[in-house]
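Engineer: Here it is, the structure in full.
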Amino acid sequence: MGFAFYIVSALTIGGALAAVLLKNLVHCALALTLAFLGLALLFLQLDAQFAGFAQILVYIGAVAILVVFAILLTRGSELPKEGVFSKTWPAGLAIAAAVFAVLGWAVLRVAPWLPQEMATPSVTVHQIGVELMGRYVLPLEIVAVLLTAALLGAVIVAMHEKEGAR
Amino acid sequence: MGMASPLVGYLLVAALVFAIGLAGALTRRNAILVLIGIELMLNAANLNLIAFWRYGPHPETLTGMMFAIFSIAVAAAEAAVGLGLVISIYRHAKTTDLEQMNRMKG
C-alpha cells in the first residue's frame with residue numbers, strides 16, 4: 001500500500017465530502033467529478049484498467065454532465081432560503097454514521113484473514129471482449145435492452161407536456 | 001497486527017464513500033443532491049467489487065470486474081432516468097425541494 005494510495009484516497013474522500021456538504025449545487029457537481037476521478041484512479045491502481053477508463057468515460061463524461069444539465073435546468077444554483085439540509089438531518093447523519101461504524105468494524109475484524117499482496121493479474125481488453133461475447137453474452141444483451149428502455153423512458157419523462165394534455 | 005492486507009485500505013475507503021453518499025442522500029433537501037448521494041453509494045460498491053476481484057482467489061476469471069462493468073452501465077441508465085424525473089417534477093411543481101413534494105396528486 002503505497003503513498004499513491006493515500007493521495008488518491010484523500011482525493012476521493014475529499015471530493016465525496018465536498019459533493020454532499022457544499023451549498024452551491026454547481027460546486028457539488030464539480031466535487032462529484034473529483035470523487036469519480038479519484039475512484040477511477042483507485043480502479044487503475046487495482047489493475048482494472050478497463051473498468052477505470054469505463055468509469056472515466058461513463059461517470060465523468062456522461063453522468064457528471066447530466067447532473068450539471070439537471071442543476072442548470074432546475075435553477076438549482078440558487079440557494080434556498082430554508083437552508084440546504086432537511087429538517088431531519090440529525091437522524092440521517094446518525095444512520096450514515098452507524099452504517100459506517102458497522103462496515104468499518106466488520107472490515108477491521110476480518111483484516112488479519114484477508115489475502116496478502118498477490119501477483120498482478122494480466123487482463124487484456126481482448127480477454128474482456130471474448131468473455132463479453134462468451135460467458136457474459138446474456139447479461140450484455142439485457143444491459144443493451146435496459147439502456148435502450150432507459151433512454152426512451154428518460155426522454156419521454158422529461159419531454160414537454162402538451163398544453164392540452166393536462 | 002503486522003503487515004495488513006492491502007484490501008483493508010480499499011474496503012475502508014469504500015465504506016467511507018458509501019457512508020458519505022448515504023449521509024448526503026438522507027440529509028439534503030434537493031432531489032439532485034440525493035441522486036448524487038446514490039451515485040456515490042453505487043461507486044463505493046463498485047470499488048468493493050473490483051478490490052475483491054483483484055485480491056480474490058481467481059482474478060483470471062474476471063467475474064468481479066465484469067460485475068463492476070455491468071454495474072457502471074446500469075448506474076448510467078439509473079442516472080438518466082432519475083435526472084429526467086427530477087426535471088419533469090420541477091416543470092410540474094416548480095421546485096426540487098423534497099420537503100415541499102408532499103402530494104401524490106398533481
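Quick note: the coordinates plus some simple rules give every number you see, no bench work behind them. Values in this document were obtained by computation on a predicted structure and should not be read as measured data. Cβ atoms come from the backbone with ideal geometry, glycine included; neighbour counts cover every protein chain shown.
Engineer: Let me check against my output: what whole-number percent is the relative contact order of chain B, with C-alpha pairs under 8 Å and at least 6 apart?
Structural biologist: The normalised contact order for chain B reaches 26 percent.
Engineer: Continuing with the same structure: Just round it to a whole percent: the fraction of Cα-Cα distances in the protein assembly as shown exceeding 29 Å.
Structural biologist: Here the tail beyond 29 Å accounts for 36 percent of pairs.
Engineer: Given the C-alpha centroids of the stretch A:68-134 and the stretch A:7-37, what is the distance between them in whole angstrom?
Structural biologist: 12 Å
Engineer: Assign unit charges at the C-beta atoms only (+1 for Lys and Arg, -1 for Asp and Glu), then state the dipole size of the protein assembly as shown relative to its Cα centre in Debye, rounded to the nearest 20.
Structural biologist: That gives a dipole near 880 debye.
Engineer: Ok, one more. What base-10 log of the normalised intensity I(q)/I(0) is obtained for the stretch A:1-78 from the Debye formula, alpha carbons as equal point scatterers, at q = 0.17, 0.18, 0.25 Å⁻¹?
Structural biologist: Normalising to I(0) and taking log10 leaves -0.65, -0.71, -1.08.
Engineer: Additional query: May I ask which residue of A:L132, B:L47, B:A31 lies farthest towards the positive end of the charge dipole of the protein assembly as shown, with charges of +1 (Lys, Arg) and -1 (Asp, Glu) on Cβ and the Cα centre as origin?
Structural biologist: After comparing all options, I get B:A31.
Engineer: Given springs between every Cα pair under 10 Å in a Gaussian network model of chain A, which of A:A40, A:A91, A:A150 has the largest fluctuation?
Structural biologist: Looking only at A:A40, A:A91, A:A150, the biggest GNM fluctuation is shown by A:A150.
Engineer: How large is the charge dipole for chain B, taken about the Cα centre, if only the Cβ atoms of Lys, Arg (+1) and Asp, Glu (-1) carry charge, to the nearest 20 debye? Write down the numbers at each step before the final one.
Structural biologist: Numbers: 7 positive and 5 negative charges, 93 e Å.
With Lys and Arg at +1 and Asp and Glu at -1, about 440 debye.
Engineer: Here is a further query. List every residue whose amide H lies under 5 Å from the amide H of A:T74, counting only residues 5 or more places away in sequence or on a different chain, with H placed 1.01 Å from N in the peptide plane.
Structural biologist: none
Engineer: Hey, another quick one. Calculate, in whole percent, how much of the Cα-Cα pair population of the stretch A:123-166 lies beyond 13 Å.
Structural biologist: On the way: 641 of 946 pairs.
Here the long-distance tail beyond 13 Å is 68 percent of all Cα pairs in the stretch A:123-166.
Engineer: Springs between alpha-carbon atoms under 10 Å, Gaussian network over chain B: tell me which of B:E60, B:E78, B:E39 tops the mean-square fluctuations.
Structural biologist: Judging by the Gaussian network model, the answer is B:E60.
Engineer: Can you show me the helix-derived [θ] at 222 nm for chain A, built from DSSP H runs with n ≥ 4 at -39,500 (n - 2.57) apiece and divided by the number of residues, rounded to the nearest 500.
Structural biologist: Computed ellipticity for chain A at 222 nm equals -22000 deg cm²/dmol.
Engineer: Further question: Find me the longest stretch of chain A that has none of the exposed GluC sites (Glu not before Pro), where exposed means in a DSSP loop (not H, G, I, E or B) with at most 14 other Cβ atoms within 10 Å.
Structural biologist: A:1-77
Engineer: Find how much the distance from A:V155 to A:T120 grows on full extension, using 0.36 nm per residue of separation minus their present alpha carbon separation; answer in nm with one decimal. Intermediate values should be presented prior to the final figure.
Structural biologist: Working: separation 35, 0.36 × 35 = 12.60 nm, distance 4.29 nm.
The span from A:V155 to A:T120 would gain 8.3 nm if fully extended.
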